[in-house]
1. Do we find that residue 81 is surrounded by 10 or more Cβ atoms within 10 Å (Cβ to Cβ), at pLDDT 90 or above and more than 19 Å from residue 45 (Cβ to Cβ) in this structure?
2. Examine the range 40-53 for a residue that is over 17 Å from residue 97 (Cα atoms), loosely packed, with under 12 Cβ neighbours inside 10 Å and out of contact with any helix residue (DSSP H, G or I) (no Cβ under 6 Å at 6 or more places or on another chain), and state whether such a residue exists.
3. One residue is enough: does the range 21-35 have a residue meeting the conditions at pLDDT below 90 and closer than 17 Å to residue 94 by Cα?
4. Any residue in the range 103-126 that is under 30 Å from residue 14 (Cα atoms) and at pLDDT below 95?
5. Give me a count of the residues in the range 1-39 that are open to solvent by less than 70 Å² (accessible area, probe 1.4 Å) and under 30 Å from residue 82 (Cβ atoms).
6. Filter the range 15-70 down to the residues that are among the aromatic types (Phe, Trp, Tyr) and under 30 Å from residue 1 (Cα atoms) and list them by number.
Amino acid sequence: PPRIAARVRFSSRTVLRFIDRYEAEGITGLWSKTSPGRPPRVTTAYLGQVEVVVEQWPRDLGMPFSNWTTQNLAEYMAEQTGIVIGARQMENYLKRYGWRLRRPVHSVTHKQDPAQFAEKKTNGDLVSPGPA
């Protein structure tokens, strides 16, 4: 066990515990056991509801903003479910399940007429930013 412990960078005591578990339970004894502690607050039902909510526009749900942030989403879900988590934890859940909140990309949806652009440029209506 001391040589194994040095190789795998665990204590000799940990190696002995795993050897004992292997001898008692076989290969399944080496799998991680559930650790004691408080069960997670976030349930599969909660995550299912998050999936439904992120697919909707916040304004359609009566919110005073147009795009979800992890903070806004966490606060909205706390109001709806009573399960309070932080923005960072919400971000971690979103990443874990392949969801991403991205900033909106603003673009012009119509093409500008080149003749109109040239006219504005010659008339001085078009202002270009100068050095700051």
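The values are calculated or read from the model by the stated rules, or taken from the named source; none is laboratory data. Values in this document were obtained by computation on a predicted structure and should not be read as measured data. When we count neighbours, we look across all protein chains shown, and the Cβ atoms used for this are built from the backbone with ideal geometry, even at glycine. Surface accessibility is based on the protein's heavy atoms, side chains included, excluding ligands, DNA and RNA. Shrake-Rupley method; radii C 1.70, N 1.55, O 1.52, S 1.80 Å.
1. So residue 81 does not fit the description; no.
2. So far as the range 40-53 goes, no, none of its residues is over 17 Å from residue 97 (Cα atoms), loosely packed, with under 12 Cβ neighbours inside 10 Å and out of contact with any helix residue (DSSP H, G or I) (no Cβ under 6 Å at 6 or more places or on another chain).
3. No, because not a single residue in the range 21-35 is at pLDDT below 90 and closer than 17 Å to residue 94 by Cα.
4. No.
5. 1
6. 18, 22, 31
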